[in-house]
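Worksheet for the structure shown next.
Here, each number is a calculation from the coordinates, and none is a lab measurement. This one's a predicted model, so the numbers in the text were calculated from it and none came from an experiment. Glycine gets a Cβ as well: all are built from the backbone with ideal geometry, and neighbour counts include every protein chain shown.
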Amino acid sequence: MRRWMVVGALLVGALAIQAPGFGAGAPVLIGVTVPLSGSNAEAGQDVLNGANLAVAAGGGSVLGRPIQIVSADDACDAQQGVTAAQKLVDAGVVAVAGGYCSSAAIPASGVYHTAGVAFVADASTNPQLTEQGFNNVFRDIGRDDLQGPFAAGFMLNTLHAHKIAIIHDNTVYAKGLAQATQAALQGKPGVSVVFFDAITPGDKDFTAVLTKIKGLGPDATYFTGYYAEGGLIAKQFKDVGVPGRFVAGDANNDDVFIKEAGAAANGVMITTAPIAQFLPGAKAYIAAYNAKYGKAPGAYSAYEYDAIGIVIDAIKRANSTDRAAIVKAISQTKDYKGITGSITLNAKGDRAGTVYIVLQIKNGQFTAYSGM
């Protein structure tokens with residue numbers, strides 16, 4: 001009997017060594033959930049590119065083991081986000097970095113919490129993500145309840161707008177940013193939100209909504225949805241002749257927006273966390289991205305690069321690929337030197353001291369806002 005017990009123990013040990021992500025010489029698997037299908041697929045691929053560059057920049061290994069990125073398509077959809085998260089957990093990932101859409105990231109975070117897997121979000125900005133009380137959920141970019149007041153202040157104090165229209169698309173991110181902006185405008189003397197309503201993602205014709213807004217005579221219109229619709233709205237905004245300035249939230253700082261809007265993109269302003277082109281520490285990253293992919297990085301790949309960096313740094317500090325040890329080490333992240341700046345995570349898992357800027361499209365290019 002004892003001999004069979006010994007043989008059984010050896011077999012269990014062998015199986016443990018062969019399990020994905022856990023063996024002494026096996027790859028360290030880091031998950032990346034992004035939309036790789038649907039209207040946000042281009043942004044998702046950009047984020048995945050940033051993850052792969054982060055691994056390459058770190059030498060491709062940690063604790064003497066190769067790092068392997070395992071991607072999963074969440075399609076910016078709640079149900080598919082959960083499916084993608086479970087796929088990564090089952091694959092044996094030690095942590096996950098990614099999450100472009102809050103609508104997919106928030107439900108996915110429940111899967112990661114149950115499995116005890118660290119999740120570092122790079123672009124999902126809805127406050128709810130880190131307000132759930134999950135000790136394993138983090139974020140290296142700002143929240144919409146910070147961007148909303150910033151956008152409101154910009155429209156009031158810089159554009160001197162008093163009548164403001166707000167358009168969202170009912171997704172978790174867009175509606176949350178719209179509500180945060182509306183709340184920041186409420187009670188301001190002489191200021192009114194003359195329009196607050198949603199369009200439907202995937203639609204192509206927004207003239208009915210824009211004609212209604214035109215009749216309200218806004219000084220500024222703020223669109224908080226995604227770039228696929230944003231570019232079309234900007235074009236039709238000009239075609240319809242809506243008065244005032246067109247401003248958009250940070251899901252619109254993508255070249256697809258400029259392509260869809262055409263000449264109407266010029267002059268559009270976008271509130272956003274600083275993107276790579278305006279980050280002093282990202283020059284080498286931009287060069288590496290261009291060399292590898294033949295184009296400039298998009299808005300969020302730099303934040304994904306840092307999210308992967310935070311995970312790798314945590315593994316090194318923990319000297320372990322144990323999921324719980326990585327969660328603890330990430331929670332203690334302080335003054336991590338990322339290409340997006342110094343990163344310290346607060347008690348909720350959010351990045352402390354986040355800032356926002358305004359971009360303006362000029363001659364078909366994103367530039368730093370420099371006035372009217």
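Descriptive notes on the structure:
- Cα-based helix-to-principal-axis angle, 227-240 vs the chain, degrees rounded to 10: 0 degrees
- Projecting label points 7 angstrom from Cα along Cα→Cβ for Thr158 and Asp203 puts them 2.9 nm apart.
- The Kirkwood hydrodynamic radius of the range 155-226, based on inverse pair distances between different Cα atoms, is 12.5 Å.
- Of every Cα-Cα pair in the range 241-372, the percent that sits beyond 21 Å: 51 percent
- Partners for Lys334 among lysines (Cα-Cα distance below 25 Å; same-chain residues under 8 apart left out): Lys283, Lys316, Lys348
- Calculated over the range 49-154: convex hull of Cα atoms, volume per residue (Å³): 117 Å³
- The range 221-242 versus the range 252-286: alpha-carbon centroid distance in Å: 16 Å
- Each peptide in 71-78, 187-194, 43-50, 119-126 receives the mean, over its residues, of other Cβ atoms within 10 Å, and ordering these scores from highest gives 119-126, 43-50, 71-78, 187-194.
- Counting only Cβ charges, +1 for Lys and Arg and -1 for Asp and Glu, the dipole size of the range 145-272 around its Cα centre is about 400 debye.
- DSSP bridge orientation in the range 52-138 - percent antiparallel, rounded to nearest 5: 25 percent
- In degrees, nearest ten, helix 78-91 long axis to first principal axis of the chain (Cα): 20 degrees
- Only helical runs count toward this figure. For the chain, summing -39,500 (n - 2.57) over DSSP H runs of n ≥ 4 and dividing by all residues gives -13000 deg cm²/dmol at 222 nm.
- More than 37 Å apart - percent of Cα-Cα pairs taken over the chain: 23 percent
- Rounded to the nearest 5, the antiparallel percentage of DSSP beta bridges internal to the chain is 30%.
- Counting 0.36 nm for each residue step from Lys295 to Val355 and taking away their Cα separation leaves a gain of 19.0 nm.
- Square roots of 5 times each gyration tensor eigenvalue, C-alpha, the range 145-272, largest first, Å: 20, 16, 14
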